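Enquirer: Next up is a structure, given as structure tokens.
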Amino acid sequence: MKVAVTSRVMGAHQSIRQLLSPWKVTFTSLDEADVSIVYGEGSHANPKTIVIPSDSLDFMEWLEHERSSVKVNPGTETVVSVTPQTTLSIIPQIQYYYDGLIEPISSIAEGLIKLNADTLLLTVDILKEYGRIMGEALNPKVSTLYRLLTGLPIHYTMAPKQMRNFLMRRNIHKTSLDLYDKLPLDALRFFLVKAIEEIADKELERKKWNGKRYACTMTHDIDTRDGLKRAKVVKRLEEKYDVPSAWYIPTKHYKLDPEIIRGLANYGEIGAHDTRQDGKLARLPIQKVVKRLFEAKQALESILDCPVMGFRAPLLQCNAKIIHSLEETGYVYDTSIPAWEPKHPQTMKTHGIGTATPMKMSKIVEIPITLPQDDQMLHVLGITPKRTVEAWIDLMGMVKDIGGVCNILMHPDYELVSPDGLNAYEELLSAIAISDAWVTTPKELITHVA
């Protein structure tokens with residue numbers, strides 16, 4: 001599909017490219033395009049045009065020319081169908097409502113209006129919503145409690161685990177584990193795709209993950225010395241099912257065992273997990289962030305005698321400063337941002353980037369943690385290891401429908417490495433082994449990110 005973007009709004013072209021990156025789309029000039037996407041202004045009688053609303057003067061003048069009045073109200077739930085089995089939703093901050101258009105209006109779907117055979121008008125400013133979601137993910141509002149705990153001269157891990165779990169469980173709202181309303185950025189993607197397919201009368205072709213519809217990568221954070229020892233048990237079990245994995249290790253938090261680390265790297269991957277498990281990384285000046293990231297990378301590379309490409313921050317800290325520092329210190333990808341978490345430590349509320357699809361942030365590829373990590377399932381939601389695995393397997397089906405990546409985070413420090421937990425974990429590995437996903441490591445996965 002050839003698509004042209006017409007907009008004088010800074011960043012609009014890049015945002016649309018990012019939203020459509022999972023599909024086979026060629027961006028071209030207006031005279032060669034099958035579909036034109038217009039933002040910040042109105043349709044100029046170009047064939048097959050999608051108009052994205054905005055608060056720009058040019059767009060409002062175009063509406064007036066079309067003899068339409070517009071009302072801007074708080075957004076209502078906008079739903080988009082991905083497959084017959086899977087739908088995604090988003091509640092935008094604002095929504096546009098139109099009255100008095102000359103052409104007959106037929107509603108194609110919620111949030112999508114057909115003006116005529118060649119023009120579709122959206123009721124949601126998907127680019128402003130995209131910017132809002134990305135801004136909240138990369139510049140999260142840090143909770144007062146997190147500031148207090150990580151501002152102490154001692155590590156937050158010195159506080160008893162039971163107390164930390166209690167604080168995380170406080171005021172937790174019951175939530176379904178369905179991804180229906182958890183992936184608003186992906187809802188925007190499919191909202192735009194459905195508009196393109198409707199106006200072009202042609203289905204967009206989805207890119208494949210190494211020939212597969214979706215991908216799966218198993219990842220582990222090793223937070224303690226005991227966790228490093230237990231990792232060998234997990235690794236043997238994964239080798240039994242031919243599931244490669246990635247292991248993220250802090251380099252100064254406990255004494256490292258080079259032999260274990262090299263063993264985990266065999267048919268797998270080692271990534272950095274900061275130098276210390278103190279939760280302070282996101283709050284440090286950028287010079288100190290760069291120093292810690294470089295030291296962590298260098299320490300692991302000296303053990304492995306090969307490049308370390310990936311990073312995951314303790315407590316899944318993330319902000320624009322860390323992303324910039326990763327680029328400066330030679331990392332290739334980050335996997336610190338959850339698609340969604342019921343209660344993120346840094347914000348003490350639901351938090352995530354809202355997509356199951358890896359995406360480029362400048363030169364760094366971000367691989368979201370797609371399914372809620374084991375710490376959230378076991379210690380925040382308080383469900384059993386068996387129920388955790390059952391939920392992960394169910395969610396894998398939704399990620400498959402979306403065409404994304406199942407990035408699963410499991411700690412060898414927690415209950416999934418108990419005898420009962422390992423039985424449940426083996427059920428997960430068995431399900432992954434017989435799935436039709438591309439089962440791979442993050443460093444291989446990023447070779448397929450546009």
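The values are calculated or read from the model by the stated rules, or taken from the named source; none is laboratory data. Computed from a predicted structure; not experimentally measured. Heads up, the Cβs are rebuilt from the backbone with ideal geometry, glycines too, and the neighbour counts pull from every protein chain shown.
Enquirer: Given the residues Ala195, Ala200, Ala215, which is the only one that is touching a residue at least 12 places away in the same chain (Cβ under 8 Å), touching a strand residue (DSSP E or B) at 6+ places or on another chain (Cβ under 9 Å), over 26 Å from Thr347 (Cα atoms) and assigned by TED's automatic domain parsing to the domain that holds Trp340?
Expert: After ruling out the rest, the residue left standing is Ala215.
Enquirer: How many of the residues in the range 174-190 are in contact with a strand residue (DSSP E or B) (Cβ under 8 Å, 6 or more places away or on another chain) and either closer than 16 Å to Val399 by Cβ or modelled with pLDDT under 95 (or both)?
Expert: The total comes to 9.
Enquirer: Quick one: in the range 52-78, which of the residues that are out of contact with any helix residue (DSSP H, G or I) (no Cβ under 8 Å at 6 or more places or on another chain) and assigned to a strand (DSSP E or B) is surrounded by the most Cβ atoms within 10 Å (Cβ to Cβ)?
Expert: Out of the qualifying residues, it is Val72.
Enquirer: Moving to a separate point now. Among Thr441, Thr357, which is the only one that is farther than 25 Å from Ser89 by Cβ, in contact (Cβ under 8 Å) with a residue 60 or more places away in the chain and under 17 Å from the mean Cα position of the chain (by Cα)?
Expert: Exactly one of Thr441, Thr357 is farther than 25 Å from Ser89 by Cβ, in contact (Cβ under 8 Å) with a residue 60 or more places away in the chain and under 17 Å from the mean Cα position of the chain (by Cα), namely Thr441.
Enquirer: Also, quick follow-up: Going by what's in this entry, would Asp436 be described as acidic (Asp, Glu), surrounded by fewer than 21 Cβ atoms within 10 Å (Cβ to Cβ) and part of a helix (DSSP H, G or I)?
Expert: no
Enquirer: Those residues that are outside any loop (DSSP other than H, G, I, E, B), farther than 19 Å from Lys349 by Cβ and either modelled with pLDDT of 75 or more or β-branched (Val, Ile, Thr) (or both), I need them from the range 142-160; list them, please.
Expert: Within the range 142-160, Thr157 is the sole residue that qualifies.
Enquirer: Being part of a loop (DSSP other than H, G, I, E, B), of a type outside the set (A, V, I, L, M, F, W, C) and within 20 Å of Ser21 (Cα to Cα) is true for just one of Thr447, Thr347, Thr357. Which residue is that?
Expert: One residue alone meets the criteria, Thr357.
Enquirer: Also, quick follow-up: When both residues are 6+ apart or on different chains and their Cβ atoms are under 7 Å apart, which pairs have a first residue that lies in the range 401-417 and is among the aromatic types (Phe, Trp, Tyr), and a second that is not in a loop (DSSP other than H, G, I, E, B)?
Expert: Tyr414/Asp374; Tyr414/Asp375; Tyr414/Leu378
Enquirer: Could you list, in sequence order, the residues of the range 299-344 that are small (Gly, Ala, Ser), over 20 Å from Met359 (Cβ atoms) and touching a residue at least 40 places away in the same chain (Cβ under 8 Å)?
Expert: Ala299
Condition check ((1) over 13 Å from Gly279 (Cα atoms); (2) surrounded by 11 or more Cβ atoms within 10 Å (Cβ to Cβ); (3) in contact with a Gly (Cβ under 6 Å, 6 or more places away or on another chain); (4) touching a residue at least 12 places away in the same chain (Cβ under 8 Å)) across all residues:
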position	(1), (2), (3), (4)
Val124	yes, yes, yes, yes
Leu127	yes, yes, no, yes
Ala137	yes, yes, no, yes
Pro140	yes, yes, no, yes
Leu145	no, yes, no, yes
Leu152	no, yes, no, no
Asn165	yes, yes, no, yes
Ser176	yes, no, no, no
Lys182	yes, yes, no, yes
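Enquirer: Listed residues Asp274, Asp242, Asp257; which is of a type in the set (Asp, Glu), surrounded by fewer than 20 Cβ atoms within 10 Å (Cβ to Cβ) and within 27 Å of the chain's Cα centre (by Cα)?
Expert: Asp242
Enquirer: Let me ask you something else. Has the range 400-411 got any residue that is among the aliphatic types (A, V, I, L, M) and assigned to a loop (DSSP other than H, G, I, E, B)?
Expert: Yes, some residue in the range 400-411 is among the aliphatic types (A, V, I, L, M) and assigned to a loop (DSSP other than H, G, I, E, B).
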